[in-house]
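Asks: I am attaching a structure below and will ask some questions about it afterwards.
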Amino acid sequence: MKKVFLSLLSALLFFGCFDTKPKCDDEDVKLTLKSILDDDEWVYVEYGLNEQSLKTLRMISASKGMDIRDIEALLLSDTIGILRAHFKPLLDLKDYANEVVYTSFGSFITQDSNDKKTTFCKASLKLTYPQMPNDMRKKYEKGSLRGVLFDGGEYETQISYSAQFSDDKKQVFVELLDY
């Protein structure tokens with residue numbers, strides 16, 4: 001019995017050495033996906049707004065010739081603080097969203113591919129927002145921004161990404177494909 005177990009164990013270890021692609025739901029892959037989302041501090045604001053609010057926010061930014069991600073770059077040149085005061089509610093909203101959102105992934109699907117090193121995946125991204133505290137919510141009541149970021153709740157969407165190990169298999173590299 002010990003010989004069968006050792007043979008089975010050696011076979012599993014042997015076959016495990018040839019696993020050249022990470023799995024879509026590997027913990028390291030999920031942590032890297034979360035890190036990518038966290039690095040873009042505006043993504044949780046965008047997902048937390050309803051469609052009309054997002055269009056309004058993008059129109060306001062576009063009318064000033066920029067994307068909402070350009071606001072902070074613009075503020076670097078604001079030596080007097082006038083722009084910072086103007087954009088403070090929006091920056092506070094970004095900080096709040098990044099602080100409170102809970103991110104989870106599920107429903108992993110591995111897509112067929114002939115690539116020997118890269119795994120192509122789809123997954124469900126679920127963002128859960130608590131209800132915004134009343135004192136903060138009052139600041140936005142008269143504005144046109146609405147969504148789960150204010151009311152609390154969940155937002156779910158599908159994401160596509162690829163994952164591959166480094167040559168030494170000590171790191172995993174993940175790229176969002178539909179971002």
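The values are calculated or read from the model by the stated rules, or taken from the named source; none is laboratory data. None of these values were measured; they are calculated from a predicted model. Note that each Cβ is placed from the backbone with ideal geometry, even for glycine, and that neighbours are counted across all protein chains shown. Surface areas here come from the heavy atoms of the whole protein model, side chains and all, with no ligands, DNA or RNA. Shrake-Rupley method; radii C 1.70, N 1.55, O 1.52, S 1.80 Å.
So that you can scan it fast, the table gives a plain yes or no per residue for (1) in a helix (DSSP H, G or I); (2) open to solvent by 60 Å² or more (accessible area, probe 1.4 Å); (3) more than 23 Å from residue 50 (Cα to Cα):
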residue: 89; (1), (2), (3): yes, yes, no
residue: 93; (1), (2), (3): yes, no, no
residue: 99; (1), (2), (3): yes, yes, no
residue: 106; (1), (2), (3): no, no, no
residue: 110; (1), (2), (3): no, yes, yes
residue: 114; (1), (2), (3): no, yes, yes
residue: 119; (1), (2), (3): no, no, yes
residue: 135; (1), (2), (3): yes, yes, no
residue: 143; (1), (2), (3): no, no, no
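Asks: Give me the residue from the stretch 34-78 that is at pLDDT 80 or above and among the hydrophobic types (A, V, I, L, M, F, W, C) and, out of that set, farthest from residue 93 (Cα to Cα).
Replies: So, considering only residues that are at pLDDT 80 or above and among the hydrophobic types (A, V, I, L, M, F, W, C), the one farthest from residue 93 (Cα to Cα) is 36.
Asks: Next question, about the same structure. In the stretch 150-179, how many are within 30 Å of residue 138 (Cα to Cα), exposed (fewer than 15 other Cβ atoms within 10 Å of the Cβ) and either among the polar types (S, T, N, Q) or touching a Lys or Arg at 6+ places or on another chain (Cβ under 8 Å) (or both)?
Replies: Residues flagged as within 30 Å of residue 138 (Cα to Cα), exposed (fewer than 15 other Cβ atoms within 10 Å of the Cβ) and either among the polar types (S, T, N, Q) or touching a Lys or Arg at 6+ places or on another chain (Cβ under 8 Å) (or both) within the stretch 150-179 amount to 3.
Asks: Something else: May I ask you to list the residues in the stretch 26-57 that are in contact with a helix residue (DSSP H, G or I) (Cβ under 8 Å, 6 or more places away or on another chain), surrounded by 19 or more Cβ atoms within 10 Å (Cβ to Cβ) and either aliphatic (A, V, I, L, M) or in a loop (DSSP other than H, G, I, E, B) (or both)?
Replies: Listed by number, the residues that qualify are 37, 43, 45, 49, 57.
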